[in-house]
Each structure stands twice: as structure tokens, then as C-alpha cells.
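The values are calculated or read from the model by the stated rules, or taken from the named source; none is laboratory data. These numbers were taken from a predicted model, which means no experiment stands behind them. Note that each Cβ is placed from the backbone with ideal geometry, even for glycine, and that neighbours are counted across all protein chains shown. Surface accessibility is based on the protein's heavy atoms, side chains included, excluding ligands, DNA and RNA. Shrake-Rupley method; radii C 1.70, N 1.55, O 1.52, S 1.80 Å.
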Amino acid sequence: MPCPNCGGCGKPAPLTDPERQLLDLLAQNAFLPVARFLLRSPENPELSFVMSAPVYLTGPETTQEELRTAGTALLQLQRRGFLTLDYGVPLSGFDYAAWERSTLYRQFAQSAATPGAEPQLEPGSAALTLQGQEAIDEGE
């Protein structure tokens with residue numbers, strides 16, 4: 001991602017505050033829990049629609065704006081090669097059920113529940129890459 005303040009200097013864009021905060025968390029933990037809010041077909045379990053991803057909740061009362069900010073930052077960090085997002089590898093021992101009890105997930109589940117679609121939280125993880133570690137080390 002090029003720097004938005006120049007005409008093509010080739011330097012990467014500076015990290016935003018939310019990107020820096022997530023990188024700092026990854027520097028301490030190497031992995032973060034993430035999830036996707038899905039709608040699944042009860043007739044065909046292979047058929048699902050991603051309604052929100054990536055989801056990173058900081059607590060049970062995370063706001064919609066905080067959800068969007070964290071999701072955008074995670075996607076930007078992934079695009080820059082600083083982390084990976086994997087929904088097939090949830091963090092062992094993390095209480096994803098607490099996220100299912102969060103205000104945002106309950107609101108999603110209530111608004112999305114229809115006879116032809118079942119809301120589901122699909123757990124996953126974000127992992128720091130070598131490039132992400134180098135960015136931390138360089139204080140990018």
C-alpha cells in the first residue's frame with residue numbers, strides 16, 4: 001500500500017492507530033482470536049454467507065464502530081502481509097462462547113434469523129507474520 005501523502009515514493013503508508021494497536025497486541029501474544037458472523041442454510045450446511053469479517057471483539061459491549069474499526073485494521077494488516085487470518089484454526093482455550101453472548105452477536109443473530117438461514121459465529125485466529133514482526137521491530 002503506497003504512502004497517501006506522496007506521488008509514488010515507494011514507501012509504505014504509515015500505520016493507523018488501530019493498526020498499530022493490533023500489531024502491539026500481536027507482538028505480545030503472537031495470535032489473536034477473530035471470528036466471522038455467518039448465515040448458514042439449514043438445508044445445505046455447505047452454503048453460508050459471510051455477514052461480517054473479520055470480527056475482533058474487545059469485550060461484551062464492543063460497539064458497531066469499534067467492530068468496523070478493528071475489522072478494517074485487521075484487513076489492512078493482512079493486505080500488508082503483517083498477519084494472517086485463518087477461520088479454520090480457532091485459538092485453543094479461547095472462550096468464543098463469550099463472543100456469542102456479546103451484544104453485537106446477539107443483535108446480529110436476532111436480526112438475521114430467518115427460517116432459511118441460521119446465524120453462526122465461526123471462530124478463527126489472526127497470526128503475526130515474519131513481515132509483521134519486522135515491522136514491529138523497526139517501529140513502523
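Maximal additional length on extending the S111-S41 stretch stands at 23.6 nm, based on 0.36 nm per residue less the C-alpha distance. For the chain, modelled as a Gaussian network with Cα springs under 10 Å, which listed residue fluctuates most, Q64, Q78, Q120? Highest fluctuation among the options: Q64.
Using 0.36 nm per residue and subtracting the Cα-Cα separation, the extra length available between L75 and F49 on full extension is 7.5 nm. Here the chain is treated with +1 on each Lys and Arg Cβ and -1 on each Asp and Glu Cβ, and its dipole about the Cα centre works out to around 260 debye. Labels on offer are (i) 16.7, 53; (ii) 20.4, 84; (iii) 19.1, 71, and the one holding Rg and Dmax of the Cα atoms in Å computed from this structure is (i). When the solvent-accessible area of the chain is split by element, carbon and sulfur atoms take up 53 percent of it, the probe being 1.4 Å. Our summary gives the chain a relative contact order of 33 percent, counting only alpha carbon pairs under 8 angstrom and 6 or more residues apart. Using the 1.4 Å probe convention, the accessible area of the chain works out to 57 Å² per residue with neighbouring protein chains retained. Per residue, the chain reaches -11000 deg cm²/dmol at 222 nm when only DSSP H runs of four or more residues are counted, each adding -39500 (n - 2.57). Placing unit charges on each Cβ (+1 for Lys and Arg, -1 for Asp and Glu) gives the chain a dipole about its Cα centre, and among V34, P90, Q120 the Cα reaching farthest toward its positive end belongs to Q120. I'd like the orientation of helix 103-112 relative to the chain: the angle between its Cα long axis and the longest Cα principal axis, in ° from 0 to 90, rounded to 10. Once rounded, the angle reads 50 degrees.
Among G93, G116, G59, determine the one that fluctuates most according to a GNM of the chain built with springs between C-alpha atoms less than 10 Å apart. Top of the fluctuation ranking is G93. Loop-resident GluC sites (Glu not before Pro) (DSSP state other than H, G, I, E or B) in segment 40-109 with no more than 10 further Cβ atoms inside 10 Å of their Cβ: E43, E46, E61. Other residues lying with their Cβ under 14 Å from the Cβ of G88 contribute a combined charge of -1, Lys and Arg counting +1, Asp and Glu -1. Working note: Karplus 6.51/-1.76/1.60 with θ = phi - 60° gives segment 34-42 the couplings 9, 7, 10, 8, 10, 10, 10, 7, x Hz, where Gly and Pro are set to x. Let me check I've understood the local charge: for P33, count other residues with C-beta under 14 angstrom from its C-beta, Lys and Arg +1, Asp and Glu -1. What total comes out? Once all neighbours under 14 Å are counted, the net charge is -3.
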